[in-house]
Every structure is written in C-alpha cells, then in structure tokens.
Amino acid sequence: MTELVDLVIVGAGPAGMETAIVAAKMGVTVTIVDGYLQPGGQYYKQIPASFHSKDLTERHLQAEEIFHRLARTNVRLLTNTTAWDVFPDPNTAEWIVALCGPGAPDRLQAKALVLATGAYDRPIAFPGWTLPGVVTAGAVQTLLVTQRVLPGRRFLLSGTGPLQLQLASQLVHAGAEVVGVLEGAKPRLSYAPYAMSMWGQWARLREGWDYWRTLRRAHVPLRFGWSVVEARGKEEVQEVIIAKLDGDWQPISSTRQAIAVDTLAIGYGFIPSTELTRLLGCEHDYFPEQGGYVPRRDDEMQTSLRGVYAVGDGAGIGGAKLSRIEGRIAGLAVARQLGRLDEKMARAAIARQQPALARERRFAHMLGKLFTPGPGLYTLATDDTVICRCEEVTKKEVLGAITAASNTVTWVKRITRAGMGPCQGRMCGHLVAELIAQQTEQKISQISPDTVRPPVRPIPMGCLSGGSK
Amino acid sequence: MAIRIGKSDGDLPAVERGRSIIVHVDGKPVNAFEGETIAAVLLAENIRTFRHTAKTGEPRSLFCGIGICYECLVTVDGVPNTRACVTHVTEGMVIETYTEAES
C-alpha cells in the first residue's frame, strides 16, 4: 500500500525534527521515519518510557522543548521503522520511500524528501579491536545515558575530539575508574587562526571547562598525540598497548606502553550515514573534516537532485546545533517548493538563519580540522587483523584483492566479501578505502565509496515482498 | 564487571528503572527491568561474549551500541540475529548467546 504525503523525512534527530516542525507550520503534510523506538536521534537520546528521572540538564530541557513543539504539529512520526529503499516514481517525478516497521505503510510517496540520517562512530582497525570490551565511545555513552549501565570498571578512552572529555567526565561521575584519555591530535601553532571560531561559543567553552575540572579532580591523565595501537586478551580485553603518534598519526614504536583495563572506548570522530543519498545517485564530495563523503548541497540544503534535501550530521558532521539550523532552512525551502510559502518570505526567513549557520559552520570546520585522524592510524592493523568484522575478512585478504587495475571498494567487496555482511560496510568501508589508498598510493579522496543497493539495512523477508511484517 | 548505576551527579541524574521482570539467558532466570536493552541486561550479568563467530570462533560483543554494526547479535525467543543493543527485554523473554554455524 502506498500513501501520499507532501514530505518524508528520514531520521527523527535534531535536524529531522526541526525540519518537520517548520514545514508542518507552513501547512506541509509531513511523515518522519526513524529506525529507533523513540525519537531524538543520538543527541537527544532518551531513557526508555518505563524509566523515570527528574532530569533538569540543559540537553534534556532542549529535548523536551523540541518534542513538545513537534507534538503540537500534525506531523506523523513512524518510529521503529526502516526506510530501506528510495527511488523516483517514473510517472510523477515524486519520490517513493519503502518502509519496514510495525504499523507503517509499505511505501510513502512524497513530493519532497529530507534525509536527516545522522552519523555513527568511525572505527579504526587495530590488533584486538574485535575483542569484547573494546567498544565505541558512542556505545559507552548510550549505555550510560539511556540505560544507566557502566559496561566496565576500568576504562581507557582513545580517539579524538572534545566528546572524549565529555564521556570521561560522565564515567568519572558514574563512579568508573578512567585510567586515561588519549587524544590523537596535538596542539600545533598552525591551529592558532581557528581560535577565532571559539568566539561566541561561551556555553561550549563553559562545558569544556567543567569536563576538564572533573578530570583534573579525579586525576585522570589526558595525553595529546597518543593513541591505543593494540588490544590484548583471551575472551575479552585485559590490556591495551598505547603509543605516541608522530605528525601523521603514525605510532612511534619506541614509546609503546601496556596498560591494564577492562574496557577500551574508541572515538575517532564520526562517519555521516550517506547510504540514501548515495543510493539515489546524489553528487558527493570528500571532505575529511566533515567525516568523509557528503552530499553536495546548495544554500538551501537541496542535493543535486531536485526535491531531495540533506540536513544534519548525515550531510557532514557539525553537531546538533548546526543540524537544527539546517533543518529550519530545509523546512522553509520545502514549504516554498510546495507553494506553501511565497518566494519573498522564504528568502527573508532563510536569510535570518544565515548568521547562526555561518557561526556553527565555522565551529564545525574548526573541530573537523583539529580532530580528524591522520593516515598513520590506518596502518595499525597487521596482516591477520580483521577489517570486515561481519565477514571476518583480514587485512591480508583485502590487500590480496587489490591490484593496479582493480582497486575500488566495490571490487574488494566482490572478491573478499568485505562489506557484504549485515552492517553493509558501515564499519569497514572507509577502512578498505584507506587500505586501497595506501596500497595504490592514491589520495583517500580519489577512492569512491561502495555502491549502495537496497535494502540499505537488513530487513525481514516479509517486508521485501511487501507482505506482513 | 558491568554495573547498574544508582544515584549519580554531574549531567547524569538518577533514574528510577522500570518494573522488575525475569528473562531467561541461556536457560538461567535473570532479573531485569522493563525498558532495559538486552545488551544492558547481559552486561549487568557479567556476560561479555554475546556470540562466537562462524569462521574463526572469535568472541564478539557490543561494539557500536546504536544498532549499526550488527556485532551484538543474540537469539531472542527463537529469532536469530537480533541486535542486543536496540532490543528491549520483555517479561519471560528467552535470550540465547550462541556460536554461529559455518555457512
């Protein structure tokens, strides 16, 4: 069964919700589809409905406010629902979104699409990275924030970016022992010009200061220019090897040290979820500071395809604040495209968002420039290190498939099965691309991402045939 | 090793968990709370290995924690390949950690 709507938004995080609220206010009929049980995305993730808390933190109040504004509109929210295919309807030039979820229609047909698909932790492969107890920083934070469960007692954090300080501070508050925070980047003189991007970011500076103080009080060492290079243990991680990094983030072997831990949290930034824009054939560009491949967009968040918009971290890593501004702009642009807002008013309303947009983009750009992993980190894996976790494909097997003539991610997938498992290359795609770049001495920006095919996520057979779920 | 956190400070206010329920993990009754994910319950029971892989028999567990990586797969009420990190427990749920068959 196909249902008609004006606008389908994929993703109910900050960007998707903000788009929905703005568009709905202008009279656009909106359906938001989200894979999780509750809206909010990663930034406004909630405790389960059966838990209770008197949460007066700034982030929670913001979440309540946006949920409340969304509830006052007539936006339809389909949670626990996977948007597994998107394609143009050949007869109408509208867009079809195939769904799988309890109570969801099989298909939605929309005049406009806003893809607000978010991002996920960028994993780095090193010996032992598949051991239980080696988890992404996002996994630890999700357990803490939504479940109030500490997945271990003795933590080491390794990665890059300010979120590591936030997580370390939360772990300390929760009573865990944090034996260290390793930041891969180190302060350089060439970063000085970026200091101006901090102007106006007072709340963020205040937050950072609070984390810093918490870590100081708990005597948590923070090391710049260091990283984990190996995890060891039998059934689970028991010890990690850390090392100092050179300017290319290549570990210096004479500096290796062992530290006993029961949990290693890795957080090397984020990868935008671009499978839907790639599936649609939107143009993409490679910007390391935005997380890799991102859809090319105009000033109003429209991709290279008319009627398809991309907002938030799924269109380039920028955080929740930027996501909401982009969402607002996309909501206005869609309302104008559908004739619900006249040209002049739309232009004026979008213009009003520009100062905030520019400020947040400057800040995101600074973070991206300062905290993007260098190429040396992609040399940590040894021959027998697994690169594709799903299909258990080792680095040696990946390298064995690369030749001068056949050197695409799609080719490696065909030969080795790397990227063919249930995560569909979300964990290993960038790792395979980095290995190809190293092996063939190309720039990483020259390596195309894997071809995306529907279903973009594993779904039950019943959904594929359009039958019962 | 893992623990449920009681009172807290900082930006993690204390929570009151959902109703206390019983689930079955590898044949053993286990206490859990409504709203918890399978991953949270297993970790709180000190079960760290959720499965062993087909090819090499390596242990695997929670990794991305947000439903993307499909590493934390367990069998739930007979349904294999269920993500422990995004599936909530329900009263009487039968959860099995497992070793994959070589395909």
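List of remarks:
- The range A:1-93 - accessible surface per residue (Å², probe 1.4 Å): 46 Å²
- For the range B:33-101, the share of DSSP beta bridges that are antiparallel, to the nearest 5, is 80%.
- In whole angstrom, the protein assembly as shown maps to an equivalent ellipsoid with semi-axes of 33, 28, 27, each derived as √(5λ) from the alpha carbon gyration tensor and ordered largest first.
- Average other protein chain Cβ within 10 Å of Cβ, residues A:140-147: 6
- Cα centroid separation, the range B:59-74 to the range A:1-19 (Å): 27 Å
- Alpha carbon centroid spacing (whole Å) that separates the range A:288-364 from the range A:35-62: 25 Å
- Förster-model FRET efficiency, 22 Å R0, A:R153 and B:N81, C-beta, rounded to 0.05: 0.15
- Ordering of A:52-62, A:100-110, A:263-273 by packing [mean C-beta count within 10 Å, highest first]: A:263-273, A:100-110, A:52-62
- Computed E for A:Q250/A:R213 - FRET, C-beta separation, R0 45 angstrom, nearest 0.05: 0.85
- Taking a ≥ b ≥ c as the square roots of the eigenvalues of the Cα gyration tensor, the range A:183-234 is classed as oblate, since a/c reaches at least 1.5 and a/b does not exceed b/c.
- With every protein chain in place, the protein assembly as shown: carbon and sulfur % of accessible area (1.4 Å): 54 percent
- Compactness of the range A:131-228 - radius of gyration and Dmax, Cα, Å: 14.2, 42
- Per-residue shielding of B:32-39, expressed as the average number of other chain Cβ atoms within 10 Å of the residue Cβ, stands at 5.
- 10 °C / 1.306 mPa s Stokes-Einstein diffusion coefficient of the range A:381-446, Kirkwood radius on C-alpha pairs, µm²/s: 140 µm²/s
- Residues of the range A:421-467 whose accessible area (probe 1.4 Å, heavy atoms of protein chains only) drops by at least 50 Å² once all protein chains are present, relative to their chain alone: A:M427, A:R457.
- At least 40 Å² of accessible area lost relative to the chain alone, listed for the range B:45-63 with a 1.4 Å probe: B:R48, B:K55, B:P59, B:R60, B:L62, B:F63
- Solvent exposure of the range A:123-268 as accessible area per residue, Å², 1.4 Å probe: 41 Å²
- Extension gain from A:S304 to A:A49, taking 0.36 nm per residue of separation minus the Cα-Cα distance: 87.9 nm
- Cα→Cβ-extended label distance, 7 Å offset, between A:R59 and A:L37, nm: 2.0 nm
- Lys/Arg +1, Asp/Glu -1 at C-beta; the range A:381-446 dipole; positive extreme among A:A381, A:T394, A:H430: A:H430
- Only beta bridges with both residues in the protein assembly as shown are counted; by DSSP, about 55 percent of them are antiparallel.
- Cα radius of gyration and Dmax for the range B:20-99 (Å): 11.6, 38
- Accessible surface, 1.4 Å probe, highest first, among residues A:H68, B:H52: A:H68, B:H52
- The mean count of C-beta atoms from other chains within 10 Å of the C-beta of residues in B:68-76, rounded to a whole number, is 6.
- Total accessible area lost when B and A pair, probe 1.4 Å, Å² to nearest 100: 4500 Å²
- DSSP bridge orientation in the range A:123-268 - percent antiparallel, rounded to nearest 5: 40 percent
- Counted residue by residue at 0.36 nm each, then reduced by the alpha carbon distance between them, the extension gain from A:A195 to A:D106 reaches 27.1 nm.
The values are calculated or read from the model by the stated rules, or taken from the named source; none is laboratory data. The model shown is predicted, which means the values in this text are computed figures rather than measured ones. Quick reminder, even Gly has a Cβ in these numbers, built from the backbone with ideal geometry, and neighbours come from all protein chains shown. In case anyone asks, the SASA skips ligands and DNA or RNA and just uses the protein heavy atoms, side chains included. Shrake-Rupley method; radii C 1.70, N 1.55, O 1.52, S 1.80 Å.
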